[in-house]
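S.K.: Below you'll find the structure I mean.
The values are calculated or read from the model by the stated rules, or taken from the named source; none is laboratory data. Source: prediction; values computed, not measured. Ideal geometry is used to build each Cβ from the backbone, glycine not excepted, and the neighbour counts take in all protein chains shown.
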Amino acid sequence: MEEISIKPQRQPKWVVVAINIAVMVAYTVYFRFVEGQYNFIAIAMLIAMHVALCLVLAIFVFSKEFLLSAALVLVIGFSTCWLVFAV
């Protein structure tokens with residue numbers, strides 16, 4: 001009888017995306033509640049560094065997971081900054 005080698009399909013690593021979103025939420029909440037005021041420039045700089053780091057990691061590690069993380073951090077972070085700036 002022949003053995004059939006079945007390779008398991010690579011599942012997307014949603015943990016990477018969840019951790020990146022959790023980190024973004026953590027520093028946003030920190031600057032809002034611990035510092036006492038919403039520091040728009042600091043959050044914008046952190047979001048830009050976070051997106052840049054995700055893009056660099058997308059080149060070298062898990063391309064799809066970190067690319068998706070960069071896109072989500074950029075969209076959610078931009079909308080958060082825009083909402084606070086508009087109000």
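S.K.: If you check Val25, Val34, Val29, which single one turns out to be of a type outside the set (Asp, Glu), out of contact with any strand residue (DSSP E or B) (no Cβ under 8 Å at 6 or more places or on another chain) and surrounded by 11 or more Cβ atoms within 10 Å (Cβ to Cβ)?
M.R.: Values: Val34 fails: surrounded by 11 or more Cβ atoms within 10 Å (Cβ to Cβ); Val29 fails: surrounded by 11 or more Cβ atoms within 10 Å (Cβ to Cβ).
From the options Val25, Val34, Val29, the qualifying one is Val25.
S.K.: Residue by residue through segment 67-87, note down the ones that are part of a helix (DSSP H, G or I) and either of a type in the set (Asp, Glu) or more than 18 Å from Ala22 (Cα to Cα) (or both). Before you say what the answer is, go through the steps one by one.
M.R.: In the first step, residues of segment 67-87 are kept if they are part of a helix (DSSP H, G or I); the result is 67-86.
Those that are part of a helix (DSSP H, G or I) and either of a type in the set (Asp, Glu) or more than 18 Å from Ala22 (Cα to Cα) (or both): Trp82, Leu83, Val84, Phe85, Ala86.
S.K.: Go through segment 41-66 residue by residue and tally those that are closer than 18 Å to Ala22 by Cβ and surrounded by 13 or more Cβ atoms within 10 Å (Cβ to Cβ).
M.R.: Qualifying residue count, segment 41-66: 11.
S.K.: Can I ask one more? Taking Ser69 as the residue in question, decide whether it is modelled with pLDDT under 85 and under 21 Å from Lys13 (Cβ atoms). Working first, answer last.
M.R.: Details: modelled with pLDDT under 85: no; under 21 Å from Lys13 (Cβ atoms): yes.
So Ser69 fails the test.
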